[in-house]
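*Asks:* Before anything else, here's the structure in question.
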Amino acid sequence: MEFSSKLLENAVNEMSQLPGIGKRTALRLVLHMLRQPDSQTFQLADALTKVRSEIKFCKSCHNISDKELCEICSNPNRQEDLICVVEDIRDVMAIENTSSFKGLYHVLGGKISPMDGIGPQDLNIDSLVQKVKSGHVKELIFAMSPTMEGDTTNFYIFRQIQGTEVATSTIARGVAAGNELEYTDEITLGRSIIDRVPFEASLKS
Ligand SMILES: [Zn+2]
């Protein structure tokens, strides 16, 4: 792609780094912005800068938060001894949308995937194991996507906490194998949490 302006080329190159945005789409977006009032672009740039520089991760559950403890962890009406283990923040949002879950979350930040070079040490697993070993947790619900990597991750955590008193369960597989949680409709996802099954039973099936 030939550009008449270095500034334009730069903006297009940066924009095309985003997933799903090729050079052509990037060019269309940048040209669109140039046609809009400049305040719109400045607000976008400002929001992006702030989300990068000011956002925090909850020190307890690793959810994205504006404060040290997220809104969910600091809500006294949530059931503290029930923890739903999820892969990422989008899963928290999907499960919150169902309004079926009143416990807390633990965001792992990914799943164990040797193919992608992601091991247990790259995820928020240690802090989860510590939380369980502190004795304040009654039940862990594994709500990972039903993929091989999700299963591997569940099983790894299950092994790490064996010998503790904590109960483990996994969400019912109304979620078709290979589906990502965030695309599951709210009713199905809500039901799959309510109808959760003991984790060990899921291993035998
Ligand atoms: Zn939190």
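Taken together, the values in this text are just the output of simple stated rules run on the coordinates, not laboratory data. This is a predicted model, so every value here is computed, not measured. Glycine also receives a Cβ, built like all others from the backbone with ideal geometry; neighbour counts cover every protein chain displayed.
*Asks:* Against the 2.2 N^0.38 Å scaling, with N counting residues, where does region 75-204 land? I'd like the Cα-based Rg ratio to two decimal places.
*Replies:* Output field value: 0.97.
*Asks:* In the Gaussian network model of the chain, springs joining C-alpha atoms below 10 Å, which of Thr152, Thr41, Thr164 carries the largest mean-square fluctuation?
*Replies:* Most flexible of the set in this elastic network: Thr41.
*Asks:* So what's the back-of-envelope 222 nm ellipticity for the chain, counting only DSSP H runs of four-plus at -39500 (n - 2.57) apiece and dividing by all residues, rounded to 500? Present the calculation step by step, with values, prior to reporting the outcome.
*Replies:* Numbers: 8 runs with 86 residues, N = 205.
Mean residue ellipticity, 222 nm, calculated: -12500 deg cm²/dmol.
*Asks:* Return the loop-located trypsin sites (Lys or Arg not before Pro) in region 86-133 (DSSP other than H, G, I, E, B) with at most 13 other Cβ atoms within 10 Å of their own Cβ; answer none if there are none. Can you show the working numbers first?
*Replies:* Numbers: sites: Arg90, Lys102, Lys111, Lys131, Lys133; in loops: Lys102, Lys111.
Loop-located and lightly packed - Lys102.
*Asks:* Expressed in nm², what is the orientationally averaged projection area of the convex hull enclosing the Cα positions of region 6-54?
*Replies:* Value for region 6-54: 3.7 nm².
*Asks:* Between Ser145, Ser60, Ser39, where does the largest GNM mean-square fluctuation fall for the chain, given springs only between Cα atoms within less than 10 Å?
*Replies:* Ser39
*Asks:* Tell me the label-point distance for the pair Leu34, Phe158, using the 7 Å Cα-to-Cβ offset, in nm and rounded to one decimal.
*Replies:* 5.7
*Asks:* If I stretch the segment between Leu69 and Met148 completely, what's the gain in nm (0.36 nm per residue apart, minus their alpha carbon distance), one decimal? If you can, show how the numbers build up before the last one.
*Replies:* On the way: separation 79, 0.36 × 79 = 28.44 nm, distance 3.17 nm.
The span from Leu69 to Met148 would gain 25.3 nm if fully extended.
*Asks:* For region 1-138, what Kirkwood radius comes out of the mean inverse Cα-Cα distance, in Å?
*Replies:* On the way: mean 1/r = 0.0548 Å⁻¹.
With all distinct Cα pairs of region 1-138 included, I get 18.2 Å.
*Asks:* Let me ask you something else. If I model a spin label as a point 7 Å beyond the Cα along the Cα-Cβ vector, how far apart are those points for Ala47 and Ser99 in nm?
*Replies:* 2.6
*Asks:* So how strong a dipole does the chain carry about its Cα centre when Lys and Arg Cβ are +1 and Asp and Glu Cβ are -1, to the nearest 20 debye?
*Replies:* Result for the chain is approximately 60 debye, rounded to the nearest 20.
*Asks:* While we're here: Greater than 28 Å separation of Cα atoms is the criterion. Which listed pairs, Lys56/Lys131; Lys56/Lys102; Lys23/Lys56; Lys23/Lys111, meet it?
*Replies:* Lys23/Lys56; Lys23/Lys111
*Asks:* Something else now. For region 1-81, state which GluC sites (Glu not before Pro) are in a DSSP loop and have at most 14 other beta carbons lying within 10 Å of their beta carbon. It would help to have the intermediate numbers written out before the result.
*Replies:* On the way: sites: Glu2, Glu9, Glu14, Glu54, Glu68, Glu71, Glu80; in loops: Glu2, Glu68, Glu71.
In loop regions of region 1-81 (DSSP not H, G, I, E or B), the sparsely surrounded GluC sites (Glu not before Pro) are Glu2, Glu68, Glu71.
*Asks:* Whole angstrom only: what separates the Cα centroid of region 147-169 from the Cα centroid of region 1-38?
*Replies:* That distance is 45 Å.
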